[in-house]
Amino acid sequence: MASLFSCCFGCCGDGSPGHVTLKEMPTVQLDTHHMGTDVVIVKSGRRICGTGGCLANAPLHQNKSYFEIKIQSTGIWGIGVATQKANLNQVPMGRDNHSLVLRHDGSVYHNNEEKNRLPANSLPQEGDVVGVTYDHVELNLYLNGKNMNCPASGIRGTVYPVVYVDDSAILDCQFSDFYHTSPQGFQKILFEQQIF
């Protein structure tokens, strides 16, 4: 019995062999290593302002991802998905095959082609929340929790959430603790080690 207690107490927390230090899981946020040169990221990697785009720090590896932005100040802005090859200094995005984005005017662009458009009476305004779902084939959009039935596809490869701003626009990104319930089957972005 004494050997049982010495084993239990000897293995706990003293840094001896067999003790595994747990790493804190990283937080999904805007990635200051993948942003345009005139972009400003504040609020712990959640707010973008300035001019240009920024990728999130986690690729969309899982089957069904969801994230949101809240429009704090209107201007020129966009939200969607992009590869690391996207030009984050070029606004608006969606001009090449490296980004698929909803633009502030309600159009969804990929490879300089309009893929879809929000209904005319559903253009996002200051204070609105835009949600994005992505399932490795199709991107879909939500406005204040309502499905806009505005699917778009075409982008290939490993993609990341992307946002861009210009003309005084300010966006807040939500990668967890959403304003609206994520659509059924979709969940917050997970880092690869969280999936497996």
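The values are calculated or read from the model by the stated rules, or taken from the named source; none is laboratory data. Quick caveat, the model's predicted, so the values are computed rather than measured. Positions of Cβ are backbone-derived with ideal geometry, glycine not excepted, and every protein chain shown enters the neighbour counts. The area values use the complete protein model at the heavy-atom level, side chains included, leaving out ligands, DNA and RNA. Shrake-Rupley method; radii C 1.70, N 1.55, O 1.52, S 1.80 Å.
Let's test the formula: R0 of 22 Å, r as the Cβ-Cβ distance of Tyr179 and His136. What FRET efficiency results, to the nearest 0.05? According to the calculation, E is roughly 0.35. I want to verify a result. In a Gaussian network model of the chain, Cα cutoff 10 Å, which of these has the top mean-square fluctuation: Gly157, Gly36, Gly131? Maximum fluctuation in the GNM of the chain, among the listed residues, is at Gly157.
Placing a label point 7 Å from the Cα of Asn63 along the Cα-to-Cβ direction, the residues of the range 98-142 whose backbone N falls under 18 Å from that point are 133-140.
Counting only protein heavy atoms and a probe of 1.4 Å, the accessible surface of the range 30-174 is 40% carbon and sulfur. Counting only aspartates and glutamates at least 8 places from Lys146 when in the same chain, those with an alpha carbon closer than 14 Å to its own are Glu68, Asp128. The aspartates and glutamates within cross-link reach of Lys43, meaning a Cα-to-Cα straight distance under 14 Å and a gap of 8 or more places when in the same chain, are Asp31, Asp172.
Surface exposure of the chain, expressed per residue as accessible area with a 1.4 Å probe, stands at 52 Å².
Starting from the Cα gyration tensor of the chain, take the square roots of the eigenvalues, sort them a ≥ b ≥ c, and report rounded, prolate or oblate (rounded when a/c is under 1.5, otherwise prolate if a/b is larger than b/c, else oblate). Note, shape of the chain comes out prolate. Accessible area ranking (1.4 Å probe, heavy atoms, ligands and nucleic acids excluded), largest first, for Glu126, Glu114, Glu68: Glu126, Glu114, Glu68. Residue order by solvent-accessible surface for Leu190, Leu139 is Leu190, Leu139, largest first, with ligands and nucleic acids left out and a 1.4 Å probe. Find the centroid of the Cα atoms in the range 44-73 and in the range 74-101, then give the distance between the two in whole Å. Answer, in whole Å: 12. Candidate cross-link partners of Lys64 among the aspartates and glutamates, defined by an alpha-carbon separation under 20 Å and a same-chain spacing of 8 or more, comprise Asp135, Glu138, Asp177, Glu192. Site pair Glu192 and Gln72 shows an inter-label distance of 3.2 nm when each label is modelled 7 Å from Cα along Cα→Cβ.
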